Amino acid sequence: YEPGLARTQNNLGNLYRDTQRYEESEEMCLSAMEIYRRLAAVNPQVYEPGLARTQNNLGNLYRDTQRYEESEEMYLSAMEIYRRLAAANPQVYESGLARTQYSLGCLYYNIQRYEESEEMYLSALEVYQRLTAVNPQVYEPYLVRACNNLSFLFLAQGNFEEAERYAREGSKYDSTHHTIYTNLAASLLLQGRYAEAEEIYLRYKEELKEDFLSDFEDFYQRGIIPPEWEDDVERIKKLLSK
């Protein structure tokens with residue numbers, strides 16, 4: 001009955017994390033991981049997937065609670081397992097690999113390790129593109145999310161051309177994921193393409209106004225707004241505030 005116990009503890013750990021009961025979440029996940037490690041030592045083919053899943057969940061928990069070194073340790077361990085599993089059975093395990101790579105990309109972004117964040121996002125994106133080609137209904141949302149994060153990562157570093165590229169890539173797959181247009185509009189505006197940017201800002205003004213304005217504050221704090229386009233940014237801010 002230990003596999004069932006570990007599975008239940010893992011699920012309970014996720015529930016506690018979702019409800020911000022972090023200590024209880026950690027207790028459940030650590031207990032599940034201990035069981036899966038013991039089982040995987042005897043039968044890795046059957047129990048390593050559960051171990052990787054639990055480590056990924058612990059990585060999420062530690063990231064949420066800003067325990068970044070422990071988060072990285074869990075993600076890297078999970079990724080190593082998923083890589084091995086995906087090499088033998090990509091159809092089953094590539095999605096788990098991409099999920100962990102995406103999560104690691106988020107972690108590296110949070111701690112400003114941008115090159116490593118880009119590497120992880122791109123790896124996840126490559127997998128999701130492959131999976132989306134076979135099953136778009138399931139994997140398109142994950143693909144768009146990876147594109148969205150890559151786009152904002154490049155925006156945050158002042159690489160507006162690449163930010164535009166990945167925003168367009170994401171919107172090509174799912175035009176209903178409107179948040180990606182915050183990145184597309186900003187990348188155009190900060191390249192001096194005011195008319196193209198203005199059209200997007202006006203189209204999504206009612207829905208995304210707060211996101212647009214919040215992004216501008218973030219860009220000012222980062223110091224990435226080119227001086228020659230500061231007046232254009234102020235014009236858009238006034239347009240959004242009407």
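Highest GNM mean-square fluctuation, the chain, Cα pairs closer than 10 Å: which of ASN148, ASN43, ASN57?
Largest GNM mean-square fluctuation: ASN43.
Classify the chain from the C-alpha gyration tensor, please: rounded if a/c falls under 1.5, else prolate or oblate depending on whether a/b exceeds b/c.
prolate
Quick one: dipole size for region 118-209, taken about the Cα centre, charges +1 on Lys/Arg Cβ and -1 on Asp/Glu Cβ, in debye to the nearest 20.
160
Can you pull the three principal axis extents for the Cα set of region 101-242, in Å, largest first?
43, 30, 22
Determine the alpha carbon to alpha carbon distance for each of LYS209/LYS237; LYS172/LYS205; LYS209/LYS242 and list only those over 18 Å.
LYS172/LYS205
What list of ³J(HN,Hα) values in whole Hz, one per residue of region 217-225 in order, does the Karplus curve 6.51 cos²θ - 1.76 cosθ + 1.60 (θ = phi - 60°) give from phi, with Gly and Pro shown as x?
Computed from phi, the couplings for region 217-225 are 4, 5, 5, 4, 5, 6, x, 9, 7 Hz.
With the calculation restricted to Cα positions, what are the radius of gyration and Dmax of region 19-149 in angstrom?
Rg, Dmax (Cα atoms, Å): 14.7, 41.
Tell me the label-point distance for the pair ARG168, GLN20, using the 7 Å Cα-to-Cβ offset, in nm and rounded to one decimal.
4.1
Expressed in nm to one decimal, what extension gain is obtained for the pair VAL42 and GLU161 from 0.36 nm per residue of sequence separation less their Cα-Cα distance?
Numbers: separation 119, 0.36 × 119 = 42.84 nm, distance 5.05 nm.
So the extension gain works out to 37.8 nm.
Checking the cross-link filter: which aspartates and glutamates have an alpha carbon closer than 16 Å to that of LYS238, excluding same-chain neighbours under 8 positions apart?
GLU198, GLU199, GLU206, GLU210, ASP211, ASP215, GLU217, GLU230
Measure off 7 Å from each Cα along the Cα-to-Cβ vector at ILE111 and GLU70, then give the distance between these two points in nanometres to one decimal.
According to this spin-label approximation, the distance is 1.3 nm.
About the Cα centre of the chain, what is the dipole size in debye to 20, counting +1 per Lys and Arg Cβ and -1 per Asp and Glu Cβ, all else neutral?
Numbers: 26 positive and 41 negative charges, 144 e Å.
The dipole magnitude comes to about 700 debye.
Running a GNM on the chain with Cα contacts under 10 Å, which residue among LEU184, LEU61, LEU30 ends up with the highest mean-square fluctuation?
Comparing LEU184, LEU61, LEU30 in a Gaussian network model of the chain, the most mobile one is LEU30.
Quick one: what are the phi-derived ³J(HN,Hα) couplings along region 151-157, Karplus 6.51/-1.76/1.60 with θ = phi - 60°, whole Hz, x for glycine and proline?
Whole-Hz 3J(HN,Hα) from phi for region 151-157: 4, 5, 4, 5, 4, 4, 9.
Could you tell me the calculated FRET efficiency between ILE224 and GLN129, based on Cβ-Cβ distance and R0 = 25 angstrom, to the nearest 0.05? Could you put the intermediate results ahead of the total?
On the way: r = 28 Å, r/R0 = 1.12.
That pair, ILE224 with GLN129, gives E of 0.35.
Where the centre of each part is set by its Cα atoms, how far does region 88-113 sit from region 188-242, in angstrom?
31
Apply the Karplus curve 6.51 cos²θ - 1.76 cosθ + 1.60, θ = phi - 60°, to the phi angles in region 27-38 and return the couplings in whole Hz, x for Gly and Pro.
Those phi angles translate into 4, 5, 5, 5, 5, 4, 4, 4, 5, 4, 4, 5 Hz.
Hey, got the dipole for region 1-134? About the Cα centre, +1 on K and R Cβ, -1 on D and E Cβ, debye to the nearest 20?
For region 1-134, the charge dipole is close to 460 debye.
Values quoted throughout were computed directly from the atomic coordinates according to the rules given, and no laboratory measurement underlies them. It should be emphasised that the depicted structure is a prediction, and the values quoted were computed from it without experimental measurement. Neighbour counts are summed over all protein chains in view; Cβ atoms, including those assigned to glycine, are modelled from backbone coordinates with ideal geometry.
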